[in-house]
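The values are calculated or read from the model by the stated rules, or taken from the named source; none is laboratory data. Quantities reported herein were computed from a predicted structural model and do not represent experimental measurements. Glycine also receives a Cβ, built like all others from the backbone with ideal geometry; neighbour counts cover every protein chain displayed.
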């Protein structure tokens with residue numbers, strides 16, 4: 001390949017440079033922020049602090065590094081939406097979360113992917129080979145999302161469950 005002078009790259013513009021570097025063909029990885037992963041409308045509405053403590057922030061980073069970011073890469077152009085991330089004890093109580101929720105320890109997120117139903121997303125995750133503790137797909141009447149958890153405290157179980165509209169959970 002012929003090397004072009006810098007002035008020519010400036011003249012051609014950023015698009016030509018991106019194509020030459022291969023950026024037009026490869027998606028830049030999506031970055032998940034701590035603010036996005038701990039955002040809570042309930043916390044804002046009720047004036048509750050939802051700042052993750054260091055242990056929960058570390059667990060959140062492990063979940064992102066080991067599951068969420070690799071999943072986003074596998075999904076390509078379909079972006080993961082976090083519908084519920086970290087919850088302080090107070091926020092968890094306010095939303096009616098279960099006692100001992102992995103959301104409180106920073107070990108789980110509820111996610112959606114536009115254009116994919118919860119059942120399809122859960123099947124995609126479980127067949128991906130990615131490590132996870134639980135994948136729970138919720139019926140549309142219960143939110144239509146996927147609960148995804150990962151832990152560093154023990155071996156991940158790779159448990160897959162379904163949360164039907166009628167309530168409860170069923171092993172899949």
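Brief remarks follow.
- Residue count, the stretch 154-172 (criterion: in contact (Cβ under 8 Å) with a residue 24 or more places away in the chain, out of contact with any strand residue (DSSP E or B) (no Cβ under 6 Å at 6 or more places or on another chain) and within 22 Å of residue 106 (Cα to Cα)): 3
- Those residues of the stretch 140-156 which are more than 16 Å from the chain's Cα centre (by Cα) and closer than 14 Å to residue 102 by Cα, in sequence order: 152, 153, 154, 156
- Matching residues in the stretch 61-113 - criterion: being within 15 Å of residue 136 (Cβ to Cβ) and in contact with a strand residue (DSSP E or B) (Cβ under 6 Å, 6 or more places away or on another chain): 83, 84, 102, 107, 108, 109, 110, 111, 112
- As a summary of the residue check, residue 145 satisfies the conditions (1) touching a residue at least 12 places away in the same chain (Cβ under 8 Å); (2) within 16 Å of residue 37 (Cβ to Cβ); (3) out of contact with any strand residue (DSSP E or B) (no Cβ under 8 Å at 6 or more places or on another chain) except for the one numbered (3).
- Residue within the stretch 21-31 that is at pLDDT below 95, within 30 Å of residue 156 (Cα to Cα) and touching a strand residue (DSSP E or B) at 6+ places or on another chain (Cβ under 9 Å) present: no
- Of all residues in the stretch 132-165, those satisfying the criterion of being closer than 22 Å to residue 56 by Cα and loosely packed, with under 15 Cβ neighbours inside 10 Å are 152, 153, 154, 155, 157, 158.
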